[in-house]
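Working notes for the structure below.
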Amino acid sequence: MYSPRTFLSFLNDLVADGLTVFSFDEAVRRSRRSRTGTANLLRRLRDRGLVDRVRRGHYAIRQLGVLGTTAAAEDVALAVGAAFSGRSHRIGYRSALDEHDLISHPSRTIYVAVKPDGRVRSTKLSDRPLRIVLEPAAAILVGSQQREDSWVSDIDRALLDAAARPALVGGAAVLAEAITAAGSRANPKRLQRYAKVLGWSAGLRRLGSLADTLHVAGLAGRLHPIVPPKGDVDLEPGARSKSAWRDPRWRVVWGQTPKELARVARQ
C-alpha cells in the first residue's frame, strides 16, 4: 500500500515546489488521501526518518545525511519555520546567542518570540523544550534576519534581547560571555537604534556597562545612554546576590566584581 515510490513521490512533489516544511492540511491536499490515510502516510515517513513532526500538524522534510536526527537538532530555523509557518515570530534570546556562536554551552530550549494572541500551546518542538516569549507585534521583527523559513535575531538584537531580559539567557555571566564573544562583530550604532525603537534603555545600559568595564573590543566607549540615567538598575534583575560593585557612569549594580565577571566571561 505504501511503497518506497509512494514515499519518494510525495516528498519529491513537496521539494519540487520549494517546500521543506508543510502542514498536515497541505499533506492531505497533496496526497489526495483521507485524513486518516494521510496520517498513516506521515507516520510511516516519520518512522523511516524522512520527515520530522516539529509540533502537532507541522512537519519538516529531513535532509539527506541527517536522517535519524530531529529537525531541531540539526537546524533550529527549519523546525521553527515549520511550527510557526504563516505567523510572525523570531528565534531569540539564548537560542539566538547560540545561533551566533556567542555562548559556550548550547541552548537545548528553543526560545521563540511571538505576539500575545494565545495561539501557541506547544511546550516542545522536535522533542526539545519550547519557550514562548511574548512581545508586542511591532517588536517581533526588529533586528531580525531570515533563515530558512524562519526569522532569527541578528547579532545586535540577540545581545539586546539578552541584556533586556538576562534571566532568559542564564544571567549576567552568560550575558558577559556573549558580549565578549561578539566584540567587534557587534555594531554600536545598530544597538543604539534597536534600543531606542524598542524602548529598551535598561538593556542598553547593561550592555554599555559590560562593554566599558570589560574593555570589549569594538564596543567599549562607543555606547551611550538613550537618556541620562536617573536611577540604578541591576545587571541581573531578580538575582539573590549582594551588590559587589556599582558602575557610576551607567548606574548599573553588579552582583559580582568586574574581575570576577571578566574571568567567567573569558573562560
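The values are calculated or read from the model by the stated rules, or taken from the named source; none is laboratory data. Predicted model only: the values in this text are computed from it and were never measured. Here Cβ is always computed from backbone atoms with ideal geometry, including for glycine, and neighbour counts include all displayed protein chains.
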* Asked: Given S184, S209, which one is assigned to a helix (DSSP H, G or I), hydroxyl-bearing (S, T, Y) and touching a strand residue (DSSP E or B) at 6+ places or on another chain (Cβ under 7 Å)?
  -> S209
* Asked: If you check A262, A195, which single one turns out to be touching a residue at least 60 places away in the same chain (Cβ under 8 Å) and outside any loop (DSSP other than H, G, I, E, B)?
  -> A262
* D117 being touching a Phe, Trp or Tyr at 6+ places or on another chain (Cβ under 7 Å), free of Cβ contacts under 8 Å to residues at least 40 places away in the same chain, closer than 28 Å to G86 by Cβ and of a type outside the set (F, W, Y) -> no
* Structure fact -> With the first residue restricted to region 165-183 and required to be under 16 Å from S107 (Cα atoms), and the second required to be buried (at least 23 other Cβ atoms within 10 Å of the Cβ) and among the small types (G, A, S), Cβ contacts under 7 Å at 6 or more apart or on different chains are P166/A172; V169/A162; L175/A162; L175/A163; A178/A162
* Asked: Which of the residues belonging to region 136-153 are touching a residue at least 40 places away in the same chain (Cβ under 8 Å) and out of contact with any Asp or Glu (no Cβ under 6 Å at 6 or more places or on another chain)?
  -> A137, A139, I140, L141, V142, S144, R147, E148, D149, S150, W151
* To do: Only residues in region 11-27 that are assigned to a loop (DSSP other than H, G, I, E, B) count as the first member; pair them with residues that are modelled with pLDDT of 80 or more, Cβ under 6 angstrom, at least 6 apart or cross-chain, and list the lot.
  => T20/I61
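Results for (1) within 30 Å of A60 (Cα to Cα); (2) outside the structural domain of V252 (by TED's automatic domain parsing), shown as yes or no for each residue.
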| site | (1), (2) |
| --- | --- |
| G143 | yes, yes |
| L168 | yes, no |
| E177 | no, no |
| R185 | no, no |
| S201 | no, no |
| R206 | no, no |
| L223 | no, no |
| P229 | no, no |
| D232 | no, no |
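Matching residues to (1) touching a His at 6+ places or on another chain (Cβ under 6 Å); (2) more than 24 Å from A265 (Cβ to Cβ); (3) not hydroxyl-bearing (S, T, Y):
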{"position": "S88", "(1), (2), (3)": "no, yes, no"}
{"position": "A96", "(1), (2), (3)": "no, no, yes"}
{"position": "L102", "(1), (2), (3)": "no, no, yes"}
{"position": "H105", "(1), (2), (3)": "no, no, yes"}
{"position": "I110", "(1), (2), (3)": "no, yes, yes"}
{"position": "A113", "(1), (2), (3)": "no, yes, yes"}
{"position": "D117", "(1), (2), (3)": "no, yes, yes"}
{"position": "L125", "(1), (2), (3)": "no, yes, yes"}
{"position": "P129", "(1), (2), (3)": "no, yes, yes"}
* State whether one or more residues within region 184-199 are surrounded by 20 or more Cβ atoms within 10 Å (Cβ to Cβ), of a type in the set (D, E, K, R) and modelled with pLDDT under 95. => no
* Any idea which residue in region 67-114 is farthest from S184 (Cα to Cα), counting only those that are among the polar types (S, T, N, Q), at pLDDT 85 or above and out of contact with any Phe, Trp or Tyr (no Cβ under 6 Å at 6 or more places or on another chain)? -> S88
